[in-house]
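The values are calculated or read from the model by the stated rules, or taken from the named source; none is laboratory data. Fair warning: this is a prediction, and the values are worked out from it, not measured in the lab. Cβ placement follows ideal geometry from the backbone for every residue including glycine, while neighbour counts extend to all protein chains displayed.
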Amino acid sequence: MGRHFGDLAKVRHIITYSLSPFEQRAFPHYFSKGIPNLWRRFRDQVFKVAPPFVLMYITYSWGMQTHANTKKKDPSLYENDQ
């Protein structure tokens, strides 16, 4: 009754290559090339990403402080209450 999942189509003229997992190196050149590349990429992008985050943090903290100040009651309004 119909085709099974692995036999849905016949693919021709496609060659695939693979390497055994036992022949691969998990972290080749990790310390000699990986970490300097990470530092270079960080250094190149930090001035594009950090200013909007700093600006939004300053805006958020200013808004929260202003909100907290407007929620306070003025003590001079209640001096004569007994």
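Within the span defined as the range 66-76, one or more residues are at pLDDT 85 or above, surrounded by 10 or more Cβ atoms within 10 Å (Cβ to Cβ) and in a helix (DSSP H, G or I). Checked against (1) exposed (fewer than 10 other Cβ atoms within 10 Å of the Cβ); (2) among the basic types (Lys, Arg); (3) at pLDDT 85 or above, residue 3 passes all but a single condition, namely (3).
Residues being of a type in the set (Phe, Trp, Tyr) and surrounded by fewer than 10 Cβ atoms within 10 Å (Cβ to Cβ): count how many of those fall in the range 7-60.
Residues of the range 7-60 of a type in the set (Phe, Trp, Tyr): 17, 22, 27, 30-31, 39, 42, 47, 53, 57, 60.
When the remaining residues are screened for being surrounded by fewer than 10 Cβ atoms within 10 Å (Cβ to Cβ), the result is 17, 22, 27, 31, 47, 53.
Summing the residues that are of a type in the set (Phe, Trp, Tyr) and surrounded by fewer than 10 Cβ atoms within 10 Å (Cβ to Cβ) in the range 7-60 gives 6.
Only one of the numbered conditions (1) at pLDDT 85 or above; (2) assigned to a loop (DSSP other than H, G, I, E, B); (3) of a type in the set (Lys, Arg) is not met by residue 43, and that is (2).
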